[in-house]
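Worksheet: one structure, shown below.
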Amino acid sequence: MLNFDTLVIGGGLAGYCAAIKSAQQGLKTALISQGEGSLHFASGSIDVLAKHPTTFENVRFPLSAIEELPADHPHPYRKIGALETQASLDWFNGLMADQGIHFHQLDALENHWRITPFGTLKATWLSQVFCALLDDKPCDYERVIIVGVDGFRDFQPAVTAENIAKLPQFAGIAVKQAMVVLPETKANDGLRAKRAIDYARALREPLMYNAMRDQLMRIATPRDLVIMPSVFGNGDGQEYMARLQRDTHLQFHEVPTMPPSLLGIRIADALHRAFVEAGGTLLKGDAVTRAQMAKQETVDGQSQWVIERVHTRKMADLPLSAKHIILASGSFFSHGLVATADTILEPVFGLDVDAPAKRDDWYADRFLDAHPYIRSGVITDDNFAPSIQGTTVSNLSCIGGVLAGFDPVKEGSGGGISIATGFAAAHWHARALRAENATIGTQQQLDNEAVA
Ligand SMILES: Cc1cc2nc3c(=O)[nH]c(=O)nc-3n(C[C@H](O)[C@H](O)[C@H](O)COP(=O)(O)OP(=O)(O)OC[C@H]3O[C@@H](n4cnc5c(N)ncnc54)[C@H](O)[C@@H]3O)c2cc1C
């Protein structure tokens, strides 16, 4: 059996944040993940809270809105509180900067508007540095130039231009479209109908990069805002954008493309590097399938479940155990939650789930309304400990998209909740372990002693 202080199940934003924070605190930490998380599909901006969880009114200051959530609200942010949420976001921002991924935001911890690939605005909190930060005031660019790349179908400048022209922030500013044509070479086999990642690969070639750079300099001036799809780098795209800016002196706004989204992949790669640097053990491409549990009695006579070991798909004969297990398996998108004909369930441990009783109640009538099934997820106490048929699982915490009580789509809160719950679960657990370890020592210490 492989033993750890902390075992994190799921390698999305939440799982990586928990695993890195845990490893940074000196705990012997493993992360097991069956696939990539939703970061590979994300915009690369971190949404903390764009709309109020109950009224869905626009939120300007997310931390103030979190502070005002009623004491009985099931929302994960209410359980963490505004101060720790802020600490987690500051930690994440610093972690990313250490890995060369730089973010910026408006002053006073305010939400800003991010321009989407469709030329609409979306409220978010932290954006990568080559993403323009808009507020409600008019912009002072001379022109907005929407630049497509010939043959690249995942970004349509005409759609972006039409919508941008309607935004009050760009009133009176000329909105133009342009197309960069990259040379077709044998090596890139022509770039038609390929994805952003294929362009990123091709643009590593000096011939391609120079063609892009030279055409951009003919198309735009430093007084314009150049909006273009994110097609540089695979993980290292900010380095290419910085170079492009140095070479051209242009102001850029990168927009995410259809998946894979290079802006999201940058974050995923940086998290991966940070976890390895922190000394964590990565078990990629494997899934936890089931657990062995025991029922125990607490000192005050209550029953609780304790997970003794978990089994994975590929290591059938080698179960894993940990003092603290963190479930970060995501929502429906990553199969952390599964919908059958009439129920919604958590498939690994069979945890108690909050979901509408009847399938008819899963959906709202209108497509853009808040669909009740999206708020479904694992029920936890205020320390993120779940239960099975009402009995707490004492050494398991649930974080991120698998949790109940929030609507990441309607609220615009997915990234922030993953960071805050991941950070809090690892932080709170390390604090508890430190107290306990005054007598028994961490798994790392026990291993070191055994080796010595
Ligand atoms: C398409 C899309 C785009 C989004 N865009 C944004 C955005 O731009 N900004 C923003 O702030 N938020 C965005 N979000 C929301 C946000 O990304 C998610 O809410 C958040 O990242 C969820 O993170 P997570 O780690 O909980 O889950 P996920 O990212 O879904 O990761 C779950 C991980 O668990 C693994 N897993 C599942 N079951 C098992 C198992 N049994 N064993 C081992 N591994 C398992 C999966 O393979 C996956 O790696 C987006 C969400 C989606 C779906």
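Points worth noting:
- Condition met for Ala294 (farther than 30 Å from Ala220 by Cα and surrounded by 15 or more Cβ atoms within 10 Å (Cβ to Cβ)): no
- With respect to the conditions (1) in contact with a helix residue (DSSP H, G or I) (Cβ under 9 Å, 6 or more places away or on another chain); (2) surrounded by 15 or more Cβ atoms within 10 Å (Cβ to Cβ), Ile379 lacks only one, and its number is (1).
- Just one of the listed residues (Phe423, Phe406, Phe384) is within 15 Å of the ligand (Cβ to nearest atom), within 30 Å of Leu121 (Cα to Cα), at pLDDT 85 or above and part of a loop (DSSP other than H, G, I, E, B), and it is Phe406.
- Each residue in the range 113-154 was checked for being part of a loop (DSSP other than H, G, I, E, B) and away from the ligand (no atom under 13 Å from the Cβ), and 20 of them qualify.
- If the condition is being of a type in the set (Ser, Thr, Tyr) and more than 30 Å from Gln304 (Cβ to Cβ), then the range 352-411 contributes only Tyr363.
- Members of the range 314-333 found to be of a type in the set (S, T, N, Q) and either surrounded by fewer than 24 Cβ atoms within 10 Å (Cβ to Cβ) or farther than 20 Å from Leu396 by Cβ (or both), listed by number: Ser321, Ser331
- Output for the range 313-335, where each listed residue is closer than 13 Å to Val8 by Cα and either within 16 Å of the ligand (Cβ to nearest atom) or small (Gly, Ala, Ser) (or both): Leu320, Ser321, Ala322, Ile325, Ile326, Leu327, Ala328, Ser329, Gly330
- Set Asp224, Asp286: member being among the acidic types (Asp, Glu) and within 15 Å of the ligand (Cβ to nearest atom): Asp286
- Taking the range 1-38 as the range and being assigned to a helix (DSSP H, G or I) and modelled with pLDDT of 95 or more as the test, the residues that pass are Leu13, Ala14, Gly15, Tyr16, Cys17, Ala18, Ala19, Ile20, Lys21, Ser22, Ala23, Gln24.
- Some residue of the range 337-358 being touching a Lys or Arg at 6+ places or on another chain (Cβ under 9 Å) and near the ligand (Cβ under 10 Å from one of its atoms): yes
- Of the criteria (1) away from the ligand (no atom under 16 Å from the Cβ); (2) out of contact with any Leu (no Cβ under 9 Å at 6 or more places or on another chain); (3) under 16 Å from Ile32 (Cβ atoms), which one Val276 fails: (2)
- Boolean, Thr160 is under 30 Å from Ser418 (Cα atoms), out of contact with any Gly (no Cβ under 6 Å at 6 or more places or on another chain) and not assigned by TED's automatic domain parsing to the domain that holds Ala420: no
- Pairs are defined by a Cβ separation below 7 Å, a sequence spacing of at least 6 or placement on different chains, a first member in the range 206-230 that is closer than 15 Å to Arg246 by Cβ, and a second member that is of a type in the set (Gly, Ala, Ser); the pairs so defined are Val226/Ala220.
- Test: residue in the range 130-148 that is in contact with a Pro (Cβ under 6 Å, 6 or more places away or on another chain) and not β-branched (Val, Ile, Thr): yes
The values are calculated or read from the model by the stated rules, or taken from the named source; none is laboratory data. Quick caveat: nothing in here was measured; it's all calculated off a predicted structure. Neighbour counts are summed over all protein chains in view; Cβ atoms, including those assigned to glycine, are modelled from backbone coordinates with ideal geometry.
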